[in-house]
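No lab work stands behind these numbers, since they all come straight from the coordinates. Note that the structure is predicted; figures quoted are calculated from it, not measured. Here Cβ is always computed from backbone atoms with ideal geometry, including for glycine, and neighbour counts include all displayed protein chains.
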Amino acid sequence: MLDPTPPSVAPPDASLAAVLIPVLVSGGEPRLVLTKRSDTLSRHAGEISFPGGFAEPGEALAATALREAEEEIGLQASEVELLGALPPLHTRVSGILIVPFVGLLHMDPIYVPNAAEIAEVLEFSLADLVAFGVEREFEYEGSMFKTHVYELDGRVIWGATAHILRSLIEALELKGE
């Protein structure tokens, strides 16, 4: 299901990045933590994503995911029980190999969002994400393409984040579309 030692080398046409999929398991129903990126960022401005970013030279990808989660939302590595990684996603348009790590949070953290990068920290129940995810035609900057889309509470999760979310739902063998 989850890979304890995911690939750590990107293809020649890609940069290496890692994201953390924080799963809150306190208080009953599991919830996922995502972020709404700042509208002022040069890449993926205003989009909903998992905390993450580019690996530094020589840095283990699990460390990248944890470091970025701390830098973006103040999540302490000591609060995360890292379970392993989902299959990597190569975003050919932006040339990034993203390795998604799943981490459990047994207590609700205190978020400290980095205002330069993060406009808002979001929590969605896993059950709602499963229920509201659909594959459909999606328009972005005048182009139409088929992708998974999750619409909840007036928020739209699409693109690489939706693909990673779908991969998590499949790994957990949850029912969805």
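Per residue of the chain, what 222 nm ellipticity follows from adding -39500 (n - 2.57) for every DSSP H run with n ≥ 4, rounded to the nearest 500?
Values: 3 runs with 33 residues, N = 177.
Result for the chain, helices only: -5500 deg cm²/dmol.
Neighbour counts of other C-beta atoms within 10 Å: give me Glu70, Glu170 arranged from fewest to most. Write out the running numbers ahead of the final one.
On the way: Glu70 18, Glu170 13.
Least crowded to most crowded, the residues run Glu170, Glu70.
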Report the antiparallel proportion of the DSSP beta bridges in the chain as a percent, rounded to a multiple of 5. 75
Grab the other residues whose beta carbon is less than 13 angstrom from that of Glu79, score K and R as +1, D and E as -1, and report the net. -3
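Could you list the GluC sites (Glu not before Pro) in the stretch 71-165 that lie in coil according to DSSP, counting only those with at most 10 other Cβ atoms within 10 Å of their Cβ?
Working: sites: Glu71, Glu72, Glu79, Glu81, Glu117, Glu120, Glu123, Glu135, Glu137, Glu139, Glu141, Glu151; in loops: Glu117, Glu141.
Within the stretch 71-165, the qualifying GluC sites (Glu not before Pro) (loop, at most 10 other Cβ atoms within 10 Å) are Glu141.
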Considering the options Gly142, Val112, Phe54, tell which one lies farthest towards the positive end of the dipole of the chain, charges being +1 on Lys and Arg and -1 on Asp and Glu at the Cβ, about the Cα centre. Gly142
Report the charge-dipole magnitude of the chain in Debye, nearest 20, computed about the Cα centre from +1 at each Lys and Arg Cβ and -1 at each Asp and Glu Cβ. 280
Could you work out the local net charge near Pro113, counting Lys and Arg as +1, Asp and Glu as -1, over the other residues with Cβ closer than 9 Å to its Cβ? -3
